[in-house]
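Following: one structure in structure tokens, then a few remarks.
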Amino acid sequence: MLNIVIFGAPGSGKGTQSARLVEKYGLNHISTGDVLRAEIKNGTELGKTAKGYIDNGQLIPDALMIDILASVFDSFKDSKGVIFDGFPRTIAQADALKAMLAERNQEVSVMLDLEVPEDELMVRLIKRGQESGRADDNEETIKKRLAVYHNQTAPLIDWYKKDGKYSYIKGVGTMDGIFADICAVIDKL
Ligand code: ATP
Ligand code: MG
């Protein structure tokens, strides 16, 4: 299996590039953000819990996210591989992902770090908020999410470097150009 962690700050383009990867390589896609937004939309208990955290720019507790992740992963049958988009976001989640995959005789093939400068992220997210109306894409919440990214998520860069899975991707440029850079990394695996 080709198990890809697509990583980057909020607004770095994880969702956009994931959609292209799904199409080109026939992979399954887990976007934890999309899973949570669907739960909120459906008014489930999980959705109600998640909404409080998301609207405040905070992360959902690790134990909850890890359970969700494993159940979505196990729902894929005869998968060629999975794109993990928005997970892991903490060291505890990275440890859990590694353990979960190992239990299934799998591992992460590569972690792709889409790097985008903060001023560009801000512009993209505010624009997305205006167009899509995503409740967490407002200036105040974006600032909180970027702080959470720096404090809790960015340490995963070193974690994946130590694990030998890290790959830098310049996340600024045309969508096609960025996708070509990503494919070049995957095709070398
Ligand atoms: P991008 O724009 O690159 O797709 P994003 O940060 O804007 O990234 P999502 O990945 O959709 O958006 O996540 C939205 C929110 O859902 C997060 O701010 C967080 O509250 C919650 N969330 C998503 N994934 C996780 C996770 N792995 N652990 C904890 N909370 C999560
Ligand atoms: Mg997303």
Taking one equal scatterer on every alpha-carbon of the stretch 42-189, how large is log10 of I(q)/I(0) by Debye at q = 0.12, 0.16, 0.17 1/Å?
-0.61, -1.11, -1.24
Give me a comma-separated list of calculated 3J(HN,Hα) values for the stretch 111-124, in order, Karplus coefficients 6.51, -1.76, 1.60 applied at θ = phi - 60°, integers in Hz, x for any Gly or Pro.
10, 9, 9, 7, 9, 9, x, 4, 5, 5, 4, 4, 4, 5
Determine, from the Cβ-Cβ distance of THR49 and SER71 and an R0 of 25 Å, the FRET efficiency 1/(1 + (r/R0)^6), rounded to the nearest 0.05.
0.95
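So which of LYS80/LYS144; LYS24/LYS98; LYS48/LYS161 end up more than 32 Å apart, counting from Cα to Cα?
Working: LYS80/LYS144 36 Å; LYS24/LYS98 25 Å; LYS48/LYS161 36 Å.
From the list (LYS80/LYS144; LYS24/LYS98; LYS48/LYS161), the Cα-Cα distance tops 32 Å for LYS80/LYS144; LYS48/LYS161.
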So if we plug the beta-carbon distance of GLU23 and GLN58 into 1/(1 + (r/R0)^6) with R0 = 25 Å, what FRET efficiency do we get, rounded to 0.05?
0.15
Do any trypsin sites (Lys or Arg not before Pro) in the stretch 105-189 lie in a DSSP loop with no more than 11 other beta carbon atoms within 10 Å, and if so, which?
LYS188
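Which of the trypsin sites (Lys or Arg not before Pro) found in the stretch 36-102 are in a DSSP loop and have at most 15 neighbouring Cβ atoms, other than their own, within 10 Å?
Values: sites: ARG37, LYS41, LYS48, LYS51, LYS77, LYS80, ARG89, LYS98; in loops: LYS77, LYS80, ARG89.
Sparse-neighbourhood loop trypsin sites (Lys or Arg not before Pro): LYS77, LYS80.
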Among HIS29, HIS150, which comes first, then next, by fewest other beta-carbon atoms within 10 Å?
HIS150, HIS29
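For the stretch 1-94, what relative contact order do you get, as a whole percent, if you take Cα pairs closer than 8 Å and at least 6 residues apart?
Values: 103 pairs, mean separation 45.6, N = 94.
Value for the stretch 1-94: 49 percent.
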About its Cα centre, the stretch 28-161 carries a charge dipole, from +1 on Lys and Arg Cβ atoms and -1 on Asp and Glu Cβ atoms, whose size in debye to the nearest 20 is 240 debye
The chain - mean residue ellipticity at 222 nm from DSSP helices (-39,500 (n - 2.57) per run, n ≥ 4, rounded to 500)
-17000 deg cm²/dmol
The stretch 50-189, relative contact order [Cα under 8 Å, separation at least 6], %
32 percent
Part-to-part distance (alpha-carbon centres) for the stretch 121-189 and the stretch 5-35, which is given in Å:
10 Å
Could you tell me the convex hull volume per residue, in Å³, taken over the Cα atoms of the stretch 116-156?
69 Å³
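Just to confirm a number: summing +1 for Lys and Arg and -1 for Asp and Glu over residues other than THR49 whose beta-carbon lies under 13 angstrom from that of THR49, what do you get?
Working: positive: LYS48, LYS51; negative: GLU39, GLU45, ASP55, ASP67.
Around THR49, the charge tally is -2.
Read-outs throughout are calculated quantities, based only on the coordinates presented, and are distinct from any laboratory measurement. From a predicted model like this one, the values you see are computed outputs, not experimental measurements. Neighbour counts are summed over all protein chains in view; Cβ atoms, including those assigned to glycine, are modelled from backbone coordinates with ideal geometry.
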